[in-house]
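To start, the structure under review is shown below, and the notes come after it.
The values are calculated or read from the model by the stated rules, or taken from the named source; none is laboratory data. Small disclaimer: the values here were computed from a predicted structure and weren't measured. For neighbour counting, all protein chains shown are included, and Cβ atoms are generated from backbone atoms with ideal geometry for every residue, glycine included. Side chains included, ligands, DNA and RNA excluded: accessible areas come from the protein's heavy atoms. Shrake-Rupley method; radii C 1.70, N 1.55, O 1.52, S 1.80 Å.
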Amino acid sequence: MIEYIVRRVLLLPVILFGVTVLIFGMISFLSPAQRAALYVRDLPKNDAAMEGIIKRYGLDQPIYVQYWNWLVGREDPNTGKITGGILRGDFGYSRTGAEPVANMIRRRFPATIELALLSFFPIIGIGTYLGVIAAINHNKPIDQIGRIFSIVGYSFPSFVFGLLVLMLFYAQLQWFPPGRVSDWANAIIMGKSWNQYTSLITIDSLLNGRLDIFWDALRHMVLPILTLSYINWALFLRVARSSMLETLRQEYVTTARAKGLKESVVINRHALRNALIPVTTMAGLTVANLLGGVVITETIFNYPGIGSAAAEAAAQVDIITVLAFTLLTGFILIIANLLVDLVYAFLDPRVRLA
Amino acid sequence: MTAPLIADEKEITPSAPAPVGLYDLPVRKIGKLEEKLGPETYRILRGIVRNPLSVIGVILIATFVLIAIFAPVIAPPKNVTNPYMIPRDGFSPTPKEPGTAWRSNPPPLPFYWTALTGKETWTHLFGTASGQYDIFYGVIWGTRTALRVGIIIEFFCLMLGIFVGSMSAYYGGKLDMILMRITEIFQAFPYFLAAMTLSAILIPAIGKSLIPAIIALVSFGWMGYARLIRGDILSVREREYVMAARVVGVKDNRILTKHIIPNAIFPTLVVASLDIGTIVVSFAVLSFLGIGTEVGYADWGQIISFARNWIPQLARYWYIVVFPGVALILFVLGWNLVGDAMRDIMDPRMRGSGQGE
């Protein structure tokens, strides 16, 4: 067990290094002139200005030198100040956001965290619950309904789903608006009397004692959460169902039944715990799905998180911003997967004792 | 029919007469079709035909294939040299609803139109999007785009995956270690995000077309197949016939291509062919976000992206989302229904339990 953890943790820097190489390697598809051109506004492109940019940012240097500069920063030939360097927290300047990328991430990340957190636990809870119910009622109508829901849900592209729920619940019924909060609530949040504790509006509003703002924020998040969740519900339903079916076939479950235990005890104490072990591995996948999903969901619902910023940046070929976002999600995902593996090893005695 | 049984019997009891009733054992009849296809393929085919859900899936896929093949007949293009550009009826930014008459220079009438309705003029069957792009043309020719893109991407993903996976499994050792770490690094990103990033970077380099999105989706789509085929090759590698080939002195790459890969490839091929639905969705999302093809290219995601300007009025302009959206959903559903049945059939734990058959 300890050897396993050590091996995984030692491998972490290798993977992280590889991730940065891969991300930066993508840039080499563009010539120095093409990269400089992204930052020159006026057309026709001024050759002297382009030369200046290429020289100033060292875009004509070998790719490994550029990689190193990108990683640890580079001394500016004019001012002597060190600029850039993702290890120093400098991800460059975002053209679409008109501010440093690091600022933009800091400003917009809480909104994404809030959305992801409010989706994450319901996904696991509801999805698993549905799967277990389906397994207990194997081949009964409820199981068939679950099966159809899972396959239809899994086939429903989330951007189509998002637009359809917007069409129904916003354009038609006016129940759930897009955005993060209403204008009146935003005015209060921006105002002086508002105390910012966590930057998560739902929590801050409760701490500020403003239930009206809490409801307003929640009303804006219902549709995005639904759009982020339903595919994962379908996924969890499948995994939990097959895992539970597998467990119910085990001999110790038969033994428990033969001892005369109540069916509820057999299911809750003997089967469920073991059936949930494979479900934990899904948590890592859920994090990946959420991080990929926020790009689409935030864009459709005009929700001001980092996902919509990344989509906007990608459409406007603001490569620096997109790279920073992808790098960030890659890091989050690697850490999440490591945690999931460790939890799994801890939960499953067959792995723990091996 | 009973020939194999007799052979076994002779070995066990060489001289004694066979016990009564042995030849009356219920022997499964092997039909002509099964004889021709071999037991494995036959079992899979039978499983698909017996499962009503997968039959629906097969019908859906077949319908889309037919629509794609007959696109020039169903929606005759205005511009024959570039049929994938959706024909426009003016340039007004306001969408028009389904059934509106075609005003300025309509494309040629399809043969069935006058016969069915008796009208001599062409209408916008599914309405128009902003810029007066005809949605009907977009959906019909978009079917071609979807199948084309799906098959191209899948093919290259498979090639790359099989190459990396077989190298890794057959040579093992350090090469295996390095290749698998590289695979892990590619898998460190959410698939869609990585593809979005690469596609955005490739657009200034090669311009807006199908190519950047295809390259991006291939670059981050091969890892699953590499791992799958690696696992299958690892188990096939230890079989006697591989050993036999090695003893006879067959060269490495011949053993790999003639003896190992053909015997290990089948599960990977099945999984891969059914991933087309997912791939087409990823491609559509890229188009939807404006990172795929140029505006006006017949592609489902591209048409749906016109709806982004009309979110508050979606109740009025529903047809921009609903027609291409339903096409996309049914397309993915078709592949997933077949895929679901296939996975049950191929799962060795389900074999013989009657559930997968």
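Every listed requirement among (1) within 23 Å of B:Val332 (Cβ to Cβ); (2) more than 14 Å from chain B (Cβ to nearest Cβ); (3) of a type in the set (Val, Ile, Thr) is met by A:Ile213 save one, (1).
Of the helices (runs of 4 or more DSSP H) entirely within the stretch B:125-236, those holding at least 3 residues that are under 30 Å from A:Ile320 (Cα atoms) and within 14 Å of another protein chain (Cβ to nearest Cβ) occupy B:173-186, B:191-206, B:210-219. Of all positions in the stretch A:115-136, at least one carries a residue that is over 20 Å from A:Leu218 (Cα atoms) and within 14 Å of chain B (Cβ to nearest Cβ).
Residues in the stretch A:82-111 that are part of a helix (DSSP H, G or I), under 23 Å from A:Arg180 (Cα atoms) and of a type outside the set (Val, Ile, Thr): A:Ala102, A:Asn103, A:Met104, A:Arg106, A:Arg107, A:Arg108, A:Phe109, A:Pro110, A:Ala111. Yes or no: the stretch A:333-353 includes at least one residue that is within 14 Å of the chain's Cα centre (by Cα), under 30 Å from A:Met167 (Cβ atoms) and not hydroxyl-bearing (Ser, Thr, Tyr). Scanning the stretch A:333-353 turns up no residue that is within 14 Å of the chain's Cα centre (by Cα), under 30 Å from A:Met167 (Cβ atoms) and not hydroxyl-bearing (Ser, Thr, Tyr).
For (1) open to solvent by less than 50 Å² (accessible area, probe 1.4 Å); (2) out of contact with any strand residue (DSSP E or B) (no Cβ under 8 Å at 6 or more places or on another chain); (3) basic (Lys, Arg), each residue gets a yes or a no:
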residue: B:Lys78; (1), (2), (3): no, yes, yes
residue: B:Thr81; (1), (2), (3): no, yes, no
residue: B:Tyr84; (1), (2), (3): yes, no, no
residue: B:Pro87; (1), (2), (3): yes, no, no
residue: B:Pro95; (1), (2), (3): yes, no, no
residue: B:Ala101; (1), (2), (3): no, no, no
residue: B:Gly118; (1), (2), (3): no, yes, no
residue: B:Thr121; (1), (2), (3): no, no, no
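Contact map, the stretch B:261-284: residues that are within 13 Å of chain A (Cβ to nearest Cβ) paired with residues that are of a type in the set (Phe, Trp, Tyr) and open to solvent by 30 Å² or more (accessible area, probe 1.4 Å), Cβ distance under 7 Å, separation 6+ or inter-chain. Pairs shown: B:Leu274/B:Trp335; B:Ile276/B:Trp335; B:Gly277/B:Trp335. Just a yes or no: is a residue in the stretch A:175-197 among the acidic types (Asp, Glu) and either within 18 Å of A:Glu114 (Cα to Cα) or touching a helix residue (DSSP H, G or I) at 6+ places or on another chain (Cβ under 9 Å) (or both)? Looking for residues that are among the acidic types (Asp, Glu) and either within 18 Å of A:Glu114 (Cα to Cα) or touching a helix residue (DSSP H, G or I) at 6+ places or on another chain (Cβ under 9 Å) (or both), one finds none in the stretch A:175-197, hence no. Just so you know, in the stretch A:311-321 the residues that are more than 15 Å from A:Ile23 (Cα to Cα) and open to solvent by less than 10 Å² (accessible area, probe 1.4 Å) include one that is nearest to the other protein chains (Cβ to nearest Cβ), and it is A:Ala311. Can you confirm whether the stretch A:281-290 contains a residue that is surrounded by 24 or more Cβ atoms within 10 Å (Cβ to Cβ) and either at the interface with another protein chain (Cβ under 10 Å from one of its Cβ atoms) or at pLDDT below 85 (or both)? Looking through the stretch A:281-290, at least one residue is surrounded by 24 or more Cβ atoms within 10 Å (Cβ to Cβ) and either at the interface with another protein chain (Cβ under 10 Å from one of its Cβ atoms) or at pLDDT below 85 (or both). Checking each residue in the stretch A:6-30 for being under 21 Å from A:Gln316 (Cβ atoms), facing chain B (nearest Cβ under 8 Å) and open to solvent by less than 70 Å² (accessible area, probe 1.4 Å) picks out A:Ile23, A:Met26, A:Ile27, A:Leu30. Cβ-Cβ distances below 6 Å connect the following pairs, each with a first residue in the stretch B:287-309 that is more than 7 Å from chain A (Cβ to nearest Cβ) and open to solvent by 10 Å² or more (accessible area, probe 1.4 Å), a second residue that is among the aliphatic types (A, V, I, L, M) and in a loop (DSSP other than H, G, I, E, B), and a separation of six or more residues or different chains: B:Phe306/B:Ala129. Of the residues making up the stretch B:312-335, those that are facing chain A (nearest Cβ under 7 Å) and open to solvent by less than 20 Å² (accessible area, probe 1.4 Å) are B:Leu314, B:Val321, B:Gly325, B:Leu328, B:Val332.
Listed by position, the helices (runs of 4 or more DSSP H) contained in the stretch B:250-335 that have at least 3 residues being under 17 Å from B:Thr128 (Cβ atoms) are B:300-304.
In the stretch A:149-173, the residue that is nearest to A:Asp216 (Cα to Cα) out of those that are without any contact (Cβ under 8 Å) to a residue 24 or more places away in the chain and surrounded by 21 or more Cβ atoms within 10 Å (Cβ to Cβ) is A:Met167. Can you confirm whether A:Phe176 is aromatic (Phe, Trp, Tyr) and crowded, with 19+ Cβ neighbours inside 10 Å? Here the answer is yes, as A:Phe176 does meet what is asked.
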